[in-house]
Amino acid sequence: MPSPSSASSPHRKLLHSLIYWAVQRCRMSESPCRLTVSLKSPSELAGPSPLRVSVSDTGVGSKLEEFLELDALARETPAEKWDGTLLITTTGINDKAIYHYQFNLQEDISSSARFSKLATTYKNYTTFSGTEVCLCLSNEADLGEFILWLVDFVRKILVLKAANLAIELAIEQPSSAGSRNVCLPCDSDDAHISITTSSIERLVSGLKDYALSHGNTCEKCDACCMNRDRLKIGTGTAKNVGRRKSKGLLVEAVIVVAPTASDLSCWMVNCSSTQVYIKYL
């Protein structure tokens, strides 16, 4: 289990924000969307080369104001960890061009080096929208732990079961055995999900799958997955008026209670736990 300090490291906070915004752009779109998180680590022979990260989506185009919210994170991140540079490519569905920008959030607001608009490319009469954000991070001391955190975070997004969202996670680790890709299955045992299923019903189904597999979507517990009806479900909504940025935000909530397993074939029989996960996704 990662230590509290590593769980809140600048790398995790930064990637959390970028993925969060990409999910929001996809959910705002009325078309099927793909969210891709790509992580490419340097080879062992490359020495202290940076970790190359890309977060891309085919949702609505992004607003540059989104990335200004990373100012505080850039200030608390040592320059040797992240130089504050973001390479952003974005376009809206009605735009005729694809726009390219470079932000350096480590630079002062008044500095001309803080923001650069790069050469524009054109769509040539094709219609699409999307955003890609690329950055380089210092290579973490424990890259394996960082990857485990990233995989777990993306799995929790899959719990939403958003109707128009497919998620791809590509992790490339050059080694003597070649590159390694990590694919996340997003199958479900719930046969009642359809295109017309509401977001709250999708969240119920996603949390059921998460609970029955004990949070592990790769190795489902056969003893529990056959007993979806034993779960106790509670749903509701809450209106957040306590934070200025979230004023008027309506949050849907789902609570799933799973009984303690009595079947000795369940590997969780001697492990009781409670998880609370609240995010504005």
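The values are calculated or read from the model by the stated rules, or taken from the named source; none is laboratory data. Worth saying up front: this structure is predicted, and the values here are computed from it rather than measured. As a convention, Cβ positions derive from the backbone with ideal geometry for all residues, glycine included, and neighbour counts pool all protein chains shown.
Annotation note: Cβ proximity below 9 Å between a residue of the stretch 85-102 that is in contact (Cβ under 8 Å) with a residue 12 or more places away in the chain and within 17 Å of C26 (Cβ to Cβ) and a residue that is surrounded by fewer than 17 Cβ atoms within 10 Å (Cβ to Cβ) and small (G, A, S) (sequence gap 6+ or interchain) occurs for T91/A97; I93/S31. Cβ-Cβ contacts under 9 Å between residues 6 or more apart (or on different chains), taken from a first residue in the stretch 136-149 that is under 16 Å from D83 (Cβ atoms) to a second residue that is modelled with pLDDT of 80 or more and of a type in the set (S, T, Y), are listed as C136/T85. Selection of the stretch 103-133 for residues being out of contact with any Lys or Arg (no Cβ under 9 Å at 6 or more places or on another chain) and in contact (Cβ under 8 Å) with a residue 60 or more places away in the chain yields F128, E132, V133. When each of L70, L118 is tested for being within 30 Å of D152 (Cβ to Cβ) and aliphatic (A, V, I, L, M), the lone residue that passes is L70.
Conditions tested, residue by residue: (1) within 14 Å of V154 (Cβ to Cβ); (2) crowded, with 16+ Cβ neighbours inside 10 Å; (3) under 14 Å from the mean Cα position of the chain (by Cα).
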{"site": "L14", "(1), (2), (3)": "no, yes, yes"}
{"site": "L18", "(1), (2), (3)": "yes, yes, yes"}
{"site": "A22", "(1), (2), (3)": "yes, yes, yes"}
{"site": "S31", "(1), (2), (3)": "no, no, no"}
{"site": "S49", "(1), (2), (3)": "no, no, no"}
{"site": "S56", "(1), (2), (3)": "yes, yes, yes"}
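Within the stretch 185-236, the set of residues being closer than 21 Å to L165 by Cβ, modelled with pLDDT of 60 or more and polar (S, T, N, Q) comprises S194, T196, T197, S198, S199, S205, S213, T235. Would you say T77 is modelled with pLDDT of 90 or more and of a type in the set (V, I, T)? No, not satisfied.
Against the condition surrounded by 18 or more Cβ atoms within 10 Å (Cβ to Cβ) and part of a helix (DSSP H, G or I), how does F103 come out, does it pass? So F103 does not fit the description; no. Filter the stretch 59-84 for residues that are buried (at least 16 other Cβ atoms within 10 Å of the Cβ) and not in a loop (DSSP other than H, G, I, E, B) and give the result. Answer for the stretch 59-84, where residues must be buried (at least 16 other Cβ atoms within 10 Å of the Cβ) and not in a loop (DSSP other than H, G, I, E, B): E66, F67, L73, A74.
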